[in-house]
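What follows is a single structure, and I will ask about it in a moment.
Laboratory data are not the source of any read-out in this text; all were calculated from the coordinates shown. Everything quoted here is computed from the prediction, not taken from an experiment. Cβ coordinates were reconstructed from backbone atoms using ideal geometry, including for glycine residues, and neighbour counts include every protein chain displayed.
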Amino acid sequence: MKEYRIFVVSTAKIKSGKTKEAVKWWKEKGKALFEITPATKSVRSYAVQFGLGGEYTIEIWAEMENYASFDLADKDYIQNPQKYSAFKEIPELFDFGPTRIMGDWPESMFIPE
């Protein structure tokens with residue numbers, strides 16, 4: 001079986017007047033918070049360019065090991081809510097938008113013969 005990559009891509013925008021606090025939160029807590037989620041392989045954040053994100057100016061790409069990762073994450077959120085307490089700070093700093101799943105598994109590719 002070929003290896004594939006799967007990402008959970010979250011969109012967000014920083015609340016007005018909260019840029020300094022939001023950047024500090026991401027550096028000190030946010031990235032690590034996404035990384036401690038079970039079966040997360042990597043986390044990267046990007047500024048959306050050229051207005052392609054609409055009103056959302058940030059994308060957070062969390063690479064997951066596989067689809068079973070979602071069940072592991074749900075279970076961990078329920079069993080260890082204190083581990084994820086920093087998520088409660090998000091509404092003060094960010095407005096989160098749509099989240100999507102992206103991947104590069106063989107079945108998702110269109111390669112004309």
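In debye, nearest 20, what is the charge dipole magnitude of the chain about its Cα centre with +1 on Lys and Arg Cβ and -1 on Asp and Glu Cβ, if you could check?
560
Please list 3J(HN,Hα) in residue order for the stretch 21-35, calculated via the Karplus relation 6.51 cos²θ - 1.76 cosθ + 1.60 where θ = phi - 60°; whole Hz, with x for glycine and proline.
5, 5, 5, 4, 4, 4, 5, 8, 10, x, 4, 4, 5, 5, 5
Go ahead and run the numbers for FRET between E35 and E55, Cβ-Cβ distance against an R0 of 35 Å, rounding to 0.05.
Given R0 = 35 Å and the Cβ-Cβ separation, E is 0.85.
In nm, give the distance between the simple-model label positions of R5 and A68, each being 7 Å from the Cα along the Cα-to-Cβ direction.
It is 2.2 nm.
Taking every pair of alpha-carbon atoms in the chain, give the share separated by more than 21 Å as a whole percent.
Result for the distance tail: 43 percent.
Let me ask something additional. Short version: ³J(HN,Hα) in whole Hz for each residue of the stretch 71-87, in order, from phi by Karplus 6.51 cos²θ - 1.76 cosθ + 1.60 (θ = phi - 60°), x for Gly and Pro, what are they?
5, 4, 5, 4, 4, 5, 4, 6, 7, 9, x, 5, 4, 10, 4, 5, 4
Excluding residues fewer than 8 places away in the same chain, name every one of the lysines whose C-alpha is closer than 29 Å to that of K15.
Within the straight-line cut-off, K15 pairs with K24, K27, K29, K31, K41, K83, K88.
F94's amide H: which non-local residues (gap 5+, or another chain) put their own amide H closer than 5 Å, with H modeled 1.01 Å from N in plane and none for Pro or chain starts?
K15
So for the stretch 6-104, taking the charge dipole from beta-carbon charges (+1 Lys/Arg, -1 Asp/Glu), which of V23, P91, F70 sits furthest toward the positive end?
So the residue furthest toward the plus end is V23.
If you don't mind, another one. So for D76, D71, fewest C-beta neighbours within 10 Å to most, what's the order?
Ordered from fewest to most neighbouring Cβ atoms within 10 Å, D76, D71 come out as D71, D76.
Shifting gears a bit: Fewest to most neighbouring Cβ within 10 Å: what's the order for I78, I90, I6, I101?
Fewest to most other Cβ atoms nearby, the residues stand as I78, I101, I90, I6.
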